[in-house]
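The values are calculated or read from the model by the stated rules, or taken from the named source; none is laboratory data. Note that the structure is a prediction, hence the values are computed from the model and not measured. Ideal geometry is used to build each Cβ from the backbone, glycine not excepted, and the neighbour counts take in all protein chains shown.
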Amino acid sequence: MHKKVAVILSGCGVYDGAEVYESVLTLLRLDQRGALVQCFAPNIAQHQVINHLSGEEMPESRNVLVEAARIARGQIKDVREAKAEDFDALILPGGFGAAKNLSDFASNGAHCSVQPDVLALAKAFAAAQKPVGLICIAPALAAKIYGPGVTCTIGNDVGTAAALSEMGVQHEACTVDEIIEDTERKLVSTPAYMLAQSISEAASGINKLVDRVLELTVPQS
């Protein structure tokens, strides 16, 4: 029986959307493991648009779902169409989009909020005790999904870890090639490009995260 996994993307591009390498590595590993994947993204305007060549903000507007469709080769749906009961697990790659579009963590830190449709879906997975994987900066959403006491990692960045701790997260430092698991909540996290210096380093942790998330799924009757 193929396991069904929902993947939430946050645009396209590390500085204003989903981190492309992290997203592709996640999708590749899921495919290698025989999972059936459906990508989703919120149908909202990006918080900002960044010129990835210069790093400067651009005076234009882009849509998160439309941009994320670039990564998904058009095979993507509005996150409002997603239902937790249709899937065995949920994974969120990182990139600044997780902290700018899926939430406002980039601007509000510990006082952030999560995009309502994304939060509702993630909470539904949590309530159903289905495994969730959060990659890179995406663990910034963990406390809003699970509440205080949740365990996860963003690697070893002191400032970001402090913000997560202020939100009630039990942060555990982690190397790029490892994962941190909250066994009670079936939450798996890995630092990826919070620490990675190459695509191979990012893959080392992401592959472990995907493998573990799939291991934690409960076979459908």
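Name every residue in the stretch 1-51 that is of a type in the set (Gly, Ala, Ser), outside any loop (DSSP other than H, G, I, E, B) and farther than 15 Å from Asp88 by Cα, in order of residue number. Full working, then the answer.
So the first thing to find is which residues in the stretch 1-51 are of a type in the set (Gly, Ala, Ser), and the list is 6, 10-11, 13, 17-18, 23, 34-35, 41, 45.
Right, trim to outside any loop (DSSP other than H, G, I, E, B) and you get 6, 23, 41, 45.
Answer for the stretch 1-51, where residues must be of a type in the set (Gly, Ala, Ser), outside any loop (DSSP other than H, G, I, E, B) and farther than 15 Å from Asp88 by Cα: Ser23, Ala41, Ala45.
Taking the condition within 27 Å of Ser204 (Cα to Cα), modelled with pLDDT of 95 or more, in contact with a helix residue (DSSP H, G or I) (Cβ under 7 Å, 6 or more places away or on another chain) and not small (Gly, Ala, Ser), does Arg73 pass?
no
Can you tell me which residue within the stretch 176-195, out of those that are touching a residue at least 24 places away in the same chain (Cβ under 8 Å) and assigned to a loop (DSSP other than H, G, I, E, B), is surrounded by the most Cβ atoms within 10 Å (Cβ to Cβ)?
As a first pass, look at the stretch 176-195 and keep what is touching a residue at least 24 places away in the same chain (Cβ under 8 Å): 176-182, 185-195.
From what's left, assigned to a loop (DSSP other than H, G, I, E, B): 176-179, 185-186, 191, 195.
Values: Val176: 22, Asp177: 18, Glu178: 16, Ile179: 23, Arg185: 19, Lys186: 21, Pro191: 29, Leu195: 20.
Only one residue tops the list, namely Pro191.
If Leu141 satisfies every condition in (1) outside any helix (DSSP H, G or I); (2) buried (at least 20 other Cβ atoms within 10 Å of the Cβ) but one, which is the exception?
The number of the failed condition is (1).
Can you pull out the residues in the stretch 73-99 that are part of a loop (DSSP other than H, G, I, E, B) and closer than 22 Å to Ala196 by Cβ?
Hits for the stretch 73-99 are Pro93, Gly94, Gly95.
Can you pull out every residue in the stretch 166-207 that is on the phi > 0 side of the Ramachandran plot and among the charged types (D, E, K, R)?
Selection gives Lys186 alone.
Look through Glu172, Glu201 and report the one residue that is touching a residue at least 12 places away in the same chain (Cβ under 8 Å), in contact with a Leu (Cβ under 9 Å, 6 or more places away or on another chain), of a type in the set (D, E, K, R) and over 21 Å from Ser10 (Cβ atoms).
Glu201
State all residues of the stretch 71-122 that are farther than 27 Å from Glu215 by Cα, out of contact with any Leu (no Cβ under 9 Å at 6 or more places or on another chain), of a type outside the set (A, V, I, L, M, F, W, C) and buried (at least 16 other Cβ atoms within 10 Å of the Cβ); if no residue qualifies, say none.
Lys100, Asn101, Asp104, Gly109
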